[in-house]
Each structure stands twice: as C-alpha cells, then as structure tokens.
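Here the structure comes first, spelled out in structure tokens, and everything after it is commentary.
The values are calculated or read from the model by the stated rules, or taken from the named source; none is laboratory data. A quick note: this is a predicted structure, and the numbers were derived from the prediction, not measured. In this analysis, Cβ positions are derived from the backbone assuming ideal geometry, glycine residues included, and neighbour counts consider all displayed protein chains.
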Amino acid sequence: MVKALRISDLNVELEETNMKQVQERFGGTFGTQGDAGDFLEWLCLSGRDVDGRFVLWLKSGEMDAGTVGSFQWRRVPNEVRFDARCGTLPEADKVKLPIPLYPGASESQLFEALGQPTVGHGNTLLYVHEHDEAGKNGTFTVLNTVSIVLRDGAVWAIEVLKVSMS
C-alpha cells in the first residue's frame with residue numbers, strides 16, 4: 001500500500017531511509033523515550049500547503065534501527081504553535097505519498113486510492129496489508145498498515161507503519 005513518502009526532493013523509504021538523513025536535510029530536533037524494546041525516536045516537521053497547515057511526525061522504533069519505520073501526517077488548526085524542536089518546511093517543500101492521498105482529500109478520493117478499509121470505527125479507518133517477500137536471507141513477511149482519520153468528510157490524518165518480520 002504505502003511504503004514511502006516524498007518530502008520535497010527526498011524520497012523517504014520506510015525501513016530504508018535513516019532518520020538522521022531527514023534531520024540533516026530539513027532540521028528539527030529528535031525526541032526520544034523508552035529503551036530497548038520500548039524505544040521510540042521521532043522528528044517533527046511542520047509546513048503549509050494549499051489546504052492549510054500540517055505536521056509530519058517521522059518515527060523510528062527499536063526494530064527500525066535508526067530508519068524511518070512509520071509516520072503520521074495530519075492537518076493542524078491555524079492557532080497551533082510548535083516549539084523550536086519542530087523543523088519548519090518551506091512552502092515550496094511538498095509532502096507527497098506514492099498514491100493520490102493527502103490530508104484534505106475527500107472520502108471519495110480516499111476510497112478510490114485505497115478501496116474499502118479492513119475495519120472502521122467512527123471516524124477512523126484502518127487498512128491492513130500483509131504479504132511475503134523473498135530476500136537474500138530467505139522469505140520474510142511485510143506488514144503495512146494505513147490508519148485514516150476523517151473530519152467533515154475529508155482526510156484529517158494519515159498514519160502509516162511498515163514492519164518486516166522474518
């Protein structure tokens with residue numbers, strides 16, 4: 001479903017692109033919490049596009065080994081203020097998914113891009129895709145989830161996770 005996103009001219013492949021590479025390109029300060037299996041590192045990037053303000057959270061857990069393993073891209077109201085740790089994307093730096101989906105897309109655009117959800121509850125839809133892939137060290141399973149939050153008939157937030165398991 002969704003294994004990457006593009007920020008300006010940087011293609012961010014989940015489980016491939018190093019978090020530090022994104023930070024060096026766009027700024028921001030890493031946040032962290034936990035250790036070992038509970039470790040989480042994140043990078044906040046805020047921006048504006050034709051539909052309004054947004055925030056992009058890039059996340060890396062212990063199993064991601066410093067690469068971007070998941071992200072959340074969501075609309076934010078104009079009055080939201082970010083602290084200095086959140087990097088600011090110039091308006092020319094666009095965020096784009098490999099499918100025609102973005103915060104602000106209509107429900108019909110969402111269903112055209114992803115079809116019917118695996119499950120839905122209230123204003124939240126969950127898409128789950130799992131498949132096997134062959135690699136150098138044998139076959140492994142890839143789990144890809146896309147969570148969508150709708151508000152007023154449009155996509156308000158998109159959260160994507162990719163996990164490869166042997």
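Observations, loosely collected:
- Residues (more than 27 Å from Arg48 (Cβ to Cβ) and either of a type in the set (Gly, Ala, Ser) or in contact (Cβ under 8 Å) with a residue 12 or more places away in the chain (or both)) located in the range 100-126: Gly115, Pro117, Gly120, Gly122, Leu126
- Enumeration of residues in the range 127-140 that are free of Cβ contacts under 8 Å to residues at least 60 places away in the same chain and of a type outside the set (A, V, I, L, M): Glu130, His131, Asp132, Glu133, Gly135, Lys136, Asn137, Gly138, Thr139, Phe140
- Selected residue [among the polar types (S, T, N, Q) and either over 28 Å from Thr32 (Cα atoms) or touching a Pro at 6+ places or on another chain (Cβ under 6 Å) (or both)] from Ser164, Ser106: Ser106
- Residues located in the range 22-36, provided they are assigned to a helix (DSSP H, G or I) and either basic (Lys, Arg) or crowded, with 16+ Cβ neighbours inside 10 Å (or both): Val22, Gln23, Arg25, Phe26
- Restricting the range 115-148 to residues that are aliphatic (A, V, I, L, M) and modelled with pLDDT of 95 or more, the residue that is nearest to Met165 (Cα to Cα) is Val128.
- Conditions (1) buried (at least 19 other Cβ atoms within 10 Å of the Cβ); (2) under 23 Å from Asp152 (Cβ atoms): number failed by Ser70: (2)
- Residues that are in contact with a Leu (Cβ under 9 Å, 6 or more places away or on another chain), among the hydroxyl-bearing types (Ser, Thr, Tyr) and modelled with pLDDT of 95 or more do occur in the range 68-80.
- Filtered residues of the range 37-67 (kept if loosely packed, with under 14 Cβ neighbours inside 10 Å, in contact (Cβ under 8 Å) with a residue 24 or more places away in the chain and either under 19 Å from Leu161 (Cβ atoms) or of a type in the set (Ser, Thr, Tyr) (or both)): Gly37, Asp38, Met63, Gly66
- Selected residue (criterion: surrounded by the fewest Cβ atoms within 10 Å (Cβ to Cβ)) from residues of the range 88-137 that are over 16 Å from the mean Cα position of the chain (by Cα) and at positive phi: Gly122
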